[in-house]
Amino acid sequence: MPVLDEKLTTIYDEVLRRNPGETEFHQAVHEVLDSLGPVVAKHPQYTDAAVINRLCEPERQIIFRVPWVDDKGKVQLNRGFRVEFNSALGPYKGGLRFHPSVYLGIVKFLGFEQIFKNSLTGMPIGGGKGGSDFDPKGRSDGEIMRFCQAFMTELYRHIGEYTDVPAGDIGVGGREIGYLFGQHKRITNRYESGVLTGKGLTWGGSQVRTEATGYGTVFFTHEILKARDESFDGRDVIVSGSGNVAIYAIEKVHQLGGRVVAASDSGGYVHDPSGIDLELLKDVKNGRRERISTYATESGATFVPTGKGSVWSVKADIALPCATQNELNGHDARTLIDNGVKIVAEGANMPCTPDAVRLFGESGVTFAPGKAANAGGVATSALEMQQNASRDSWSFEHTEQRLEKIMRGIHDRCLETSEEYGAPGNYTVGANIAGFIQVADAMLAQGVI
Ligand code: NDP
C-alpha cells in the first residue's frame, strides 16, 4: 500500500492498534487517509481537533446474540451487529448484511465507507452499518422470518427515524425488510415508517429504491462517458454478481444502449456474447431463487464454475463489479487492462483490491470508487425517508429523475474536487476529499463530542 504522510501514519497506526485483525476495516481507512494528505496540509484544524482520529472510531458498536428456532425445532445461534459510526450529518444510515462472512471488521469497513458516501449524496444522513453471520442460503421462508424477528427483537431498541435507519444489503432484500418492519411494529406498537428503508411500495416504500443502486452506478458511469463525449452505445459490459445491485445495473445498461455480456454468482459466471436475457435472469434469481448456472442451462450461454475461470477474463469496454468486497484483484485488473477495458465503476462496496486500483490508475483506466458510484441506493433511501416524513409518495419517473440528478451531482463534485486538490480526473481522490470535508466541518462545528 502507498506510504502516508507523517500525521496520517500516526493516525493509521493507532487504527491498527485499536482494531486488531480487522483487515477490511484497515483497508478502507487506509484508502481514505491516502487521499487526505493535501487536505491536512491545507487545513491544519482537522488534525489539531483530532477530527480524523474521531472519524476512525465508531460512535457506538452494538453486538448481540440472535437465537432462533429452525424448521426442525432446533435452536440456532447467530451474532448480530450494528455499528453507529458517525452522526455529524444526520441519523446513522446504512444497510444490514446477512452473510456467513460477516464479523465486526466487515461491518466497520462498510460503516466507515458509508460516512463518506452519505456525505457525497448531499443529504442529511450519517453513517452506520449492521448485519449478522446468518446464512440465508437454503433456509425456508419460515426460517428467514423467525431469524429476522429474533434479530429485530434486539435491534429495535437502538434504531428510529431520528436515531438510526437501517436498510438492505447482501442477503437482505424486500422480503427481509418486510419481516424486520413487521416485528418492529409488533414490539413497539408504532407504525414508524421512517425506521427502515427498502420497504414495499404499498407500505411506505419508495419507487426506484429497489433499482436505485444498480441504476445509480450506471448513471454515474454514463456521466463519465458523457464527460468524454461518449455513450453506452455499442459498449460491451461485464457486471459481476446477480443480486439486487447487479440485476438493475444490467437493466439500465441495456436501456442506455450497452450490452452486458457476463454476470456471476458465488458458484461461477455466465458468458452470453449476444447480451444477458434479463427477464430470464430475474426469473432464475429473484423468482425461483436458483443459481446462475440455471440461467446458462436455460439460455444456452456458457457457464464457468468458480475455480475454473474468472468473470474478469471476459473481453469488455466497461466493468461494473457488483458482488462483494475484494472480488477483483491485481491479476484480474491486469487481465481486464490487457483486454482493453476503459472504465471500471464499483457497484459493490470496495470490490477492487488496492493492487487492482493502483494498476487501473497506472494504465489510464478510469476508476470510480463505490462510495461515489453506488451512492444511489442510500440517496434513494433518503428520498424514501423524505416521502415517509411528509406522508407522500412520488411517481417512478419523478424519483428516477431525482436519482439521476443526484448521481450527476456526485460525479461533478468528485471531478471538481479532484481538480482543486491537484489530481484531475482521479475520482477516488475527489470522492474521499469531498466526502470528508463536509463531515469534518460538521464535526468541528459540533464541538468535541
Ligand atoms: P445481494 O445479496 O442481492 O447479491 C449479492 C450478489 O453477489 C449475489 O449474486 C452473490 O452470489 C454475489 N456474491 C456475494 N458474495 C460473493 C462472493 N464471496 N463471491 C462471489 N459472489 C458473491 O446483494 P446486493 O446486490 O444488495 O449487494 C451487492 C454489493 O453492493 C455489496 O457489496 C453491497 O454492500 C453493495 N451495495 C448494495 C446496496 C443496496 O442497495 N443493496 C447499496 C450500496 C452498495 P450468491 O448468491 O452466490 O451469494
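Summary table
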{"quantity": "Apportionment of accessible area to carbon and sulfur, the chain, percent (1.4 Å)", "calculated": "49"}
{"quantity": "Assigned charges on the beta-carbon of Lys, Arg, Asp, Glu; the stretch 251-345 dipole about Cα centre (debye)", "calculated": "100"}
{"quantity": "Rounded accessible area of ARG291 (nearest 10 Å², 1.4 Å probe)", "calculated": "90"}
{"quantity": "Helical mean residue ellipticity (222 nm; -39500 (n - 2.57) per DSSP H run of 4+; nearest 500) of the chain", "calculated": "-14500 deg cm²/dmol"}
{"quantity": "Shape of the stretch 266-416, Cα gyration tensor, a/c cut at 1.5", "calculated": "oblate"}
{"quantity": "Per-residue ³J(HN,Hα) for the stretch 415-423, Karplus 6.51 cos²θ - 1.76 cosθ + 1.60, θ = phi - 60°, Hz, x for Gly and Pro", "calculated": "5, 4, 5, 4, 5, 4, 9, x, 9"}
{"quantity": "The stretch 1-47 and the stretch 383-434: distance between their alpha carbon centers, rounded to Å", "calculated": "25"}
{"quantity": "Computed FRET value (nearest 0.05) for GLN446 with ASP233, which takes r as the C-beta separation and R₀ as 56 Å", "calculated": "0.75"}
{"quantity": "Value of relative contact order over the stretch 1-55, rounded to a whole percent, pairs C-alpha under 8 Å and six or more apart", "calculated": "42"}
{"quantity": "With all protein chains modelled, accessible area of LYS7 [1.4 Å, Å²]", "calculated": "110"}
{"quantity": "Equivalent ellipsoid semi-axes, the stretch 68-131, via Cα gyration tensor eigenvalues times 5, rooted, Å", "calculated": "30, 11, 8"}
{"quantity": "Principal axis dimensions, the stretch 208-352 - Cα atoms, whole angstrom, descending", "calculated": "39, 35, 28"}
{"quantity": "Alpha-carbon Rg/Rh ratio, for the stretch 1-93, with Rh computed the Kirkwood way", "calculated": "1.15"}
{"quantity": "Solvent-accessible area per residue, Å², over the chain with all protein chains present [probe radius 1.4 Å]", "calculated": "39"}
{"quantity": "Modelled FRET efficiency - R0 35 Å, ARG190 with LEU280, Cβ distances, 0.05 increments", "calculated": "0.25"}
{"quantity": "Gyration tensor verdict on the stretch 214-296 (Cα atoms; rounded if a/c is under 1.5, prolate if a/b is larger than b/c, oblate otherwise)", "calculated": "prolate"}
{"quantity": "LYS342 accessible area, assembled protein chains, probe 1.4 Å, Å²", "calculated": "100"}
{"quantity": "Calculated SAXS-style log₁₀ I(q)/I(0) at q = 0.22 Å⁻¹ - the stretch 293-365, Debye, Cα scatterers", "calculated": "-0.98"}
{"quantity": "Globularity index of the stretch 26-152, i.e. its alpha-carbon radius of gyration over 2.2 N^0.38 Å", "calculated": "1.28"}
{"quantity": "For the chain, size of Cβ-based charge dipole, Lys and Arg +1, Asp and Glu -1, in debye", "calculated": "1260"}
{"quantity": "Computed E for GLU290/ASP48 - FRET, C-beta separation, R0 51 angstrom, nearest 0.05", "calculated": "0.35"}
{"quantity": "Relative contact order %, the chain, counting alpha carbon pairs below 8 Å whose residues are six or more apart", "calculated": "15"}
{"quantity": "Share of alpha-carbon pairs per 10 Å distance bin for the stretch 153-286, given as whole %", "calculated": "11, 35, 26, 19, 8, 1"}
{"quantity": "For the chain: span of alpha carbons on each principal axis (Å, largest first)", "calculated": "58, 53, 43"}
{"quantity": "Inter-site label distance for GLU57 and SER266 at 7 Å from Cα along Cβ, in nm", "calculated": "3.5"}
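The values are calculated or read from the model by the stated rules, or taken from the named source; none is laboratory data. All values reported here derive from a predicted model rather than from experimental measurement. Backbone-built Cβ (ideal geometry, glycine too); neighbour counts: all protein chains shown. Remember, those area values only see protein heavy atoms, side chains included, never the ligands or the DNA or RNA. Shrake-Rupley method; radii C 1.70, N 1.55, O 1.52, S 1.80 Å.
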